[in-house]
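What follows is a short report on a single structure.
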């Protein structure tokens, strides 16, 4: 039995689909019964509850061979770092209580750093927390910037005809598709081919700048002149608040962007066959175009 935290999320859902297609026994963990039903219909077990509840989570981990561990995002948490630590402690304590032996942990590029990376500092703390567990084999997947983050540009494109964020447009850095992360998660949960505490980078198909990425996406949606704009940090913070993120979390995202701009992480990482994943920005452009088209249909309705 394999347990998946965040089974209705971008990575957890894709990993679950892969595992079920392989005939693996999967236990999906989440807070919304309805959102888990798609997996139950395909043969998964579901457990519904709050991952803050260590006893609930330990029960969800009982008799499993491996766990996919992640801190589910909560963009409305008033203190995001406190939220990360609360969930992180609950996960670590539940792993101990349930005597789980194998954990694939969703981490990030920059998790080796203790400051200057915004919400990634919370993933550093979680790596350290899991590394202290005795008798537990942990694989930390240090993923690059998600291609799916680019979907946040769609409202801006619709409203102002541009894409943008606080990250420099000309800076080449690693960007990875969540479906490739999910494939890695599924593979390592099944194989359990790691011992002790290990780290694996996932750097995407190639490094590219946001100028390049937005150019590819713009051409795909029929906007060949779509431009990427780097916003000043205070303006970027304000924009994130306007789309519904808390001020606290918005400031952390901008701090992370500043860290990328300074080259603290995600930039110039050594690339190997093992840390290079297959999905290109050109392939992801199809996903982006479908999401963009859906907003056009909604506007026309």
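The values are calculated or read from the model by the stated rules, or taken from the named source; none is laboratory data. In this text the structure is predicted, and so the values were computed from the model without any measurement. So basically every Cβ, Gly included, is an ideal-geometry build from the backbone, and we count neighbours across all protein chains shown.
Out of the residues in region 54-86 meeting the condition of being in contact (Cβ under 8 Å) with a residue 60 or more places away in the chain and not in a loop (DSSP other than H, G, I, E, B), tell me which one is surrounded by the fewest Cβ atoms within 10 Å (Cβ to Cβ).
Here is the first cut: in region 54-86, the ones in contact (Cβ under 8 Å) with a residue 60 or more places away in the chain are 63-70, 72-73, 75-81.
With the extra rule that they be not in a loop (DSSP other than H, G, I, E, B), the set shrinks to 66-69, 80-81.
Details: 66: 24, 67: 29, 68: 27, 69: 28, 80: 24, 81: 16.
Among those that are in contact (Cβ under 8 Å) with a residue 60 or more places away in the chain and not in a loop (DSSP other than H, G, I, E, B), it is 81.
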- Message: Based on this model, can you work out whether residue 103 counts as more than 30 Å from residue 291 (Cβ to Cβ), part of a strand (DSSP E or B) and without any contact (Cβ under 8 Å) to a residue 60 or more places away in the chain?
- Response: yes
- Query: Which of the residues spanning region 1-26 are farther than 20 Å from residue 98 by Cβ, part of a loop (DSSP other than H, G, I, E, B) and touching a strand residue (DSSP E or B) at 6+ places or on another chain (Cβ under 9 Å)?
  - Reply: 8, 9
- Where residues in region 32-43 are closer than 26 Å to residue 147 by Cβ and part of a loop (DSSP other than H, G, I, E, B), which of them is farthest from the chain's Cα centre (by Cα)? 42
- Can you name the number of the only condition in (1) closer than 15 Å to residue 152 by Cβ; (2) surrounded by 12 or more Cβ atoms within 10 Å (Cβ to Cβ); (3) in contact with a helix residue (DSSP H, G or I) (Cβ under 7 Å, 6 or more places away or on another chain) that residue 243 fails? (2)
- Name the single residue, out of those in region 211-222 being touching a helix residue (DSSP H, G or I) at 6+ places or on another chain (Cβ under 8 Å) and under 14 Å from residue 164 (Cβ atoms), that is surrounded by the most Cβ atoms within 10 Å (Cβ to Cβ). 217
- Item | Inter-residue pairs, beta-carbon under 6 Å, first farther than 16 Å from residue 62 by Cα and in region 21-33, second at pLDDT 95 or above and assigned to a strand (DSSP E or B), 6+ apart | 24/2; 33/48
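Regarding residue 180, is this residue farther than 29 Å from residue 26 by Cβ and touching a residue at least 40 places away in the same chain (Cβ under 8 Å)? Reasoning before the result, please.
Values: farther than 29 Å from residue 26 by Cβ: no; touching a residue at least 40 places away in the same chain (Cβ under 8 Å): yes.
It is false that residue 180 is farther than 29 Å from residue 26 by Cβ and touching a residue at least 40 places away in the same chain (Cβ under 8 Å).
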